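Reading through the structure tokens given below for one structure.
None of the figures in this text is laboratory data; all of them are computed from the coordinates on show. Being a predicted model, the structure only gives us computed values, none of them experimental. FYI the Cβ positions are ideal-geometry reconstructions off the backbone, even for glycines, and counts take in every protein chain you see.
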Amino acid sequence: MFIPCSGTKTHDALPGVVRRQAAVAKGVQLIEFRMSRGAVIPWHDHVNEQVGMVVSGRIVLTIGKDAMTLGPGDGYVIPSGVEHTVEVLEDSVALDVFSPPRDDYRDLIQ
């Protein structure tokens, strides 16, 4: 299966944060996040494992008690149930993989 970008839609998740489901399968989901400088993703957790990579820009990702400034090519792993937050330092793009897929993000395919 192929999913062209034109076959997906975006969702304004938070002020300055837009998400797009790029692909989803039975056990895994790929989400693109486009984030504007100054945006904040507040502390939250979920049952889904999350791995990702910053494609462009710079963010500060805090996972539990550990914080790190990440830039292009830097990856991260967020275990199930661990609280995390993001501060966006520059306009940024990140790709995140969730397993299992997040049901609250499944509405992003047209």
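So the values come out like this:
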read-out	value
Residue-wise HN-Hα coupling along segment 21-37, computed from phi with Karplus coefficients 6.51, -1.76, 1.60 (Hz; x: Gly, Pro)	7, 7, 6, 8, 10, 4, x, 8, 9, 10, 10, 9, 10, 10, 10, 8, 3
Candidates ASP96, ASP12, ASP45, ranked by Gaussian network fluctuation over the chain, Cα under 10 Å, top entry	ASP12
Diffusion coefficient, µm² s⁻¹, Stokes-Einstein with Kirkwood Rh over alpha-carbon pairs of the chain at 4 °C and 1.567 mPa s	92 µm²/s
Length-normalised contact order for the chain - Cα pairs under 8 Å, 6+ apart - percent	34 percent
Ranked VAL86, VAL77, VAL60, criterion: other C-beta atoms within 10 Å, fewest first	VAL77, VAL60, VAL86
Per-residue HN-Hα couplings for segment 89-94 [Karplus 6.51, -1.76, 1.60; θ = phi - 60°; Hz; x = Gly/Pro]	8, 9, 3, 9, 10, 10
Long-range amide H partners of GLN29 with built H, under 5 Å	PHE98
